[in-house]
Amino acid sequence: TTTTAEGKKKKKKKQQQSLLVPPLTSFAQLRSPRHGYALSKRVYENILRQGYTAPTEVQMGALPVLMRKGCVVDGAVDLLTCAPTGSGKTLAYVVPLLDEILAAREKGVREKGVRAVVVAPTKELAAQIVNEVMKLAVGTGVKVSLMRKGMAATSAKGESAGIHVTSDILVSTPLLLLHAIESEEGKAEFGKVRRLVLDEADVLLDELFKDQTLGIWKALREIANNDLRTSLWSATISSGTEEVARNMILSSTTTAPPPPPP
Ligand code: ADP
Ligand code: MG
């Protein structure tokens, strides 16, 4: 009958709508439940305090994918983003991380330990990212730190000196991070990590860093029992790198978690 046909049509339309992600047209929308967002007032004010009056193009596209509730799977997606240098990619991945950590806190989940890891190819860039996170996190209580050599130090006897990362967000270059994850405390220290951000992903997946980056991704994914969401950010991506990147994204969405032990 027409009613069921209409019902089907409506259902289909609804499904399509939930997959469509309307772009963010103003930062104010991030405070609007009607638009599907619930960003903390403090982070919103911190964005405005930077003097940013409107989202950049990459922010318009990526923030909804990572932050809009009731769309896709509430930010639980892997994402590969290509946008030119200077287009504001940092804010596009930092704000969703802050939003998730603060939303969990709002629900009374006071998690301790690193929840998100950002990897960058150079120490200078990593330090800049920490700086950017700090600016956007002012007054929220969210802690960020730069991975330091000592954090993954092992004593002469081979005993691990401990990492003891007390931050919510950790920013690191690849090798330091890989060593820390592979250290004795790695499993415990990184046990709560559910978000991995690869900044300058084309560099991180190029010859020099590829094995380290994939090592980090595999280790964190295993620790997280496949419940790790990865986002890759880059200005350019070569065809070889793109294939590796696509495989990362596809494999984590298609691999079923291993069955629980008996
Ligand atoms: P990318 O990583 O894409 O190269 P960055 O994240 O480093 O770009 O941002 C480049 C510059 O743009 C930074 O100085 C940053 O503070 C600024 N910026 C970010 N978002 C906005 C915005 N919405 N409006 C104006 N400036 C912005
Ligand atoms: Mg950048």
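Here are the numbers for this structure:
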read-out: Overall form of region 31-132 per C-alpha gyration tensor (a/c, 1.5; a/b vs b/c); value: rounded
read-out: Stretch gain in nm, segment residue 166-residue 112, where the contour uses 0.36 nm per residue and the Cα spacing is subtracted; value: 18.7 nm
read-out: Full-stretch length increase - residue 225, residue 182 - with 0.36 nm per residue and alpha-carbon distance subtracted; value: 13.9 nm
read-out: Where labels lie 7 Å past Cα in the beta-carbon direction, separation of residue 54 and residue 31 in nm; value: 1.9 nm
read-out: Ranking of 27, 190 by count of other Cβ atoms within 10 Å, fewest first; value: 27, 190
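Bear in mind that the values in this text are calculations on the coordinates, not laboratory data. This is a predicted model, so every value here is computed, not measured. A quick note on method: Cβ atoms are made from the backbone with ideal geometry, for glycine too, and the neighbour counts reach across all protein chains shown.
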